[in-house]
Every structure is written in structure tokens, then in C-alpha cells.
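The values are calculated or read from the model by the stated rules, or taken from the named source; none is laboratory data. None of these values were measured; they are calculated from a predicted model. Every residue, glycine among them, receives a Cβ derived from its backbone with ideal geometry; neighbour counts consider all protein chains shown. Quick note on the areas: whole protein, heavy atoms, side chains included, nothing else; ligands and nucleic acids left out. Shrake-Rupley method; radii C 1.70, N 1.55, O 1.52, S 1.80 Å.
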Amino acid sequence: MYSIYGCPMHYGVGDEGLMYSLDYLQQRYDLKIPIVPEITVPEKDLPNLKHLGSVVATCWAIAKYQHHVIRHGDTPLFIAGDHSAVIGSISGTSANYENLGLIWIDAHSDINTDETTVTGNIHGMPVSALLGMGEKSLTNILTPEPKLRPENIVMLGLRDVDPPEQEILDRLHIKYYTWDDIRHRGLNVCLKESVQYLSHLSAVHLSFDIDSMDPRLMPGVSVPVAGGFNPKEVYQIFSVFIRQLPIVAMDIVEFNMAHDVNSITSDFLIRLIYHLLEGNEKDTFLYSSRHSQDMKPAYY
């Protein structure tokens, strides 16, 4: 059974709309999901690692929660603010599965480090942190070891990659498909190759950023980039990977209510969640008493 929970992380990018987006979803669509709150700590104001302490503290809380969900035998479906939050969720998944694979669906590769970043926003660093690169407090969530190996990663939909990120992708031989690749070769081909590339693994984490979609269709994101997937393609992507790979955890990130128009993006997000939960118990949004008692964060 899926266990769905969320975190309104915004410290990784600093867009305050992310702080309220989960509350908006809860109220507008009458969701009832557990929330791991952001943790705010005093900061050192590092220009290349903005809000580092708060991101690290929050990711630790997310990682512990994710770890506990998996230990209880459920599949986490994590709805988060900015993409830095998945340093926590993927660390929690990695603690339960050796040789974890990652499908990264995003307009951005998010593989900068504190030495390559231009903005200092940590939501551009989660993949590098999970590979054990960069700031140690980001790489040491739950365990000091790297959570991922570069040869176990596939990225889809890239169309805004910084030059230093391109160097890292090339140096580590990470498999990726840009948006142009997908347009020219066809989505079916790219999905088939991705499945074949990861098929030897026994566990794969899927992380989906809504900004991988065309912002003309899905405006409610923090960092829109021209081009991208349409809703039909997103459903296809999830369907193929869930059917053909051992998906053990999923993230959906970066919905930002402050930039949405006529609830277009939030409506899609809810439809996608329900699509993923089809076939599960009707009360999937309601944690069972076992979860609500055993898995509530200690600071609730």
C-alpha cells in the first residue's frame, strides 16, 4: 500500500509560495495526509549554501520518516515543496535498499555543488549530495555513505543544465535524455531504453518535478523552463516505469500555488496522485491507526 505524506520545503529555493502549497492542497481537495514540517534553525548566511542548516534539519526529519514508512512495508509517495527535500526521502529509501536506482524527471539536473552553484539554492544540489559530492552535512543524512551510484541514474526531460552540471554529468557518465532528445527520438524509445538500463536493479526511486512539464500547461512551479512534457506523457512515463521496474518510492515536487493559474496545476497534481493510488484502499490518504501512532514525527 502507498503511504502518502508531505513536507512544505521552501528553504532550498526561498520561494515562499511553497510554504503554503501543501496547506492549499489539503484544504481545497480535502486531503488528509501527514505533514513533516520544515525545521527552521539559525543560519550562517552562506551565499553558496543558502538556508543550509534548515535544509539539513528538515531533510533529516524526512529521511527518518521515509525510512520508517518503508520499514513498515509500505511504498512512500512523498509530496514536497522544492526538490532539496528529496535529499531526505531518497536517503531514507537508500537506507533500506542496496544499490538503489534513481529515475529523475526534471527540467534541471540538480547536480550542482556548493563549489559550482551560481544561485546558492540547495534545490539545485540534491543529486550531487546523494552521490556524496559537496557539502558534508548534505551528504551525511542518515548514513555517511553515498546514497546513489552514477551508473544507476537515469534523467529525463532536461532542458536547463548549467555548464558545470554538464561537466559533472559527462564526467560521471550519467545517463540522461534532454527534452530535445525525447522530441527527436520519441518518448517510447527513451522510456524503453531507460527501463533496459535500470532493469538489473532490485529497487528504483522515482523523483518527479512538475517543472519537467510545459509551463504553458502547468504554470504552478517555482522555476519554469520552456518546453516539457504534457499530462498524457507524464501518465505514460509513470505507467511504464511502475509496470516495468521495481519502483519502491516516489516523489512529486515543486508545486507552487503562488504561480498557479485557475488551479490548473493543482488539479493535475491531484488527478496524478489518485491515478497512482488506483487499486489501493479507499482511505489511502488517511493513515491507518498503526501509522498515525507509530510514525508521527516526534516533534508533532
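The residues listed here are TYR2, TYR11, TYR29; of these, the one that is at pLDDT below 95 and among the hydroxyl-bearing types (Ser, Thr, Tyr) is TYR2. Listed by position, the helices (runs of 4 or more DSSP H) inside the range 126-216 whose residues that are within 18 Å of the chain's Cα centre (by Cα) and on the phi > 0 side of the Ramachandran plot number at least 1 form an empty set.
Condition check ((1) crowded, with 21+ Cβ neighbours inside 10 Å; (2) touching a Leu at 6+ places or on another chain (Cβ under 9 Å); (3) charged (D, E, K, R)) across all residues:
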| site | (1), (2), (3) |
| --- | --- |
| TYR11 | yes, yes, no |
| GLN26 | no, no, no |
| ILE33 | no, yes, no |
| ALA63 | yes, yes, no |
| ASP82 | yes, yes, yes |
| ALA85 | yes, no, no |
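Could you go through the range 210-220 and let me know if any residue there is free of Cβ contacts under 8 Å to residues at least 24 places away in the same chain, open to solvent by less than 50 Å² (accessible area, probe 1.4 Å), more than 29 Å from TYR65 (Cβ to Cβ) and not hydroxyl-bearing (Ser, Thr, Tyr). Yes: one or more hits. Counting only residues that are open to solvent by less than 20 Å² (accessible area, probe 1.4 Å) and more than 14 Å from the chain's Cα centre (by Cα), the range 91-105 holds 1 of them. A search for C-beta distances below 8 Å between a residue of the range 70-90 that is more than 29 Å from ASP15 (Cβ to Cβ) and any residue that is surrounded by fewer than 24 Cβ atoms within 10 Å (Cβ to Cβ) and of a type in the set (S, T, N, Q), counting only pairs 6+ apart in sequence or on different chains, returns ILE70/ASN96; ARG71/ASN96.
Let's see how each residue does on (1) open to solvent by 10 Å² or more (accessible area, probe 1.4 Å); (2) in contact with a helix residue (DSSP H, G or I) (Cβ under 8 Å, 6 or more places away or on another chain); (3) under 25 Å from ASN96 (Cα atoms); (4) free of Cβ contacts under 8 Å to residues at least 24 places away in the same chain:
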| residue | (1), (2), (3), (4) |
| --- | --- |
| LEU131 | yes, yes, yes, no |
| VAL154 | no, yes, yes, no |
| ARG159 | yes, yes, no, no |
| ARG171 | yes, no, no, yes |
| TYR176 | yes, yes, no, no |
| TRP179 | yes, no, no, no |
| VAL195 | yes, yes, yes, no |
| SER202 | yes, no, yes, no |
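Filtered by the rule that a residue be of a type in the set (A, V, I, L, M), in contact with a Gly (Cβ under 8 Å, 6 or more places away or on another chain) and either in contact (Cβ under 8 Å) with a residue 60 or more places away in the chain or more than 16 Å from GLU254 (Cα to Cα) (or both), the range 26-47 gives ILE33, VAL36, VAL41, LEU46.
Of (1) open to solvent by 10 Å² or more (accessible area, probe 1.4 Å); (2) more than 30 Å from ASN230 (Cβ to Cβ), HIS108 satisfies all except one. Which? Against the list (1) open to solvent by 10 Å² or more (accessible area, probe 1.4 Å); (2) more than 30 Å from ASN230 (Cβ to Cβ), HIS108 comes up short only on (2). Take the residues of the range 66-80 that are within 15 Å of the chain's Cα centre (by Cα) and open to solvent by less than 20 Å² (accessible area, probe 1.4 Å): which is nearest to ASN140 (Cα to Cα)? Among those that are within 15 Å of the chain's Cα centre (by Cα) and open to solvent by less than 20 Å² (accessible area, probe 1.4 Å), it is GLN66.
When you look at ALA226, is it among the small types (Gly, Ala, Ser) and not in a loop (DSSP other than H, G, I, E, B), yes or no?
No: the conditions fail for ALA226.
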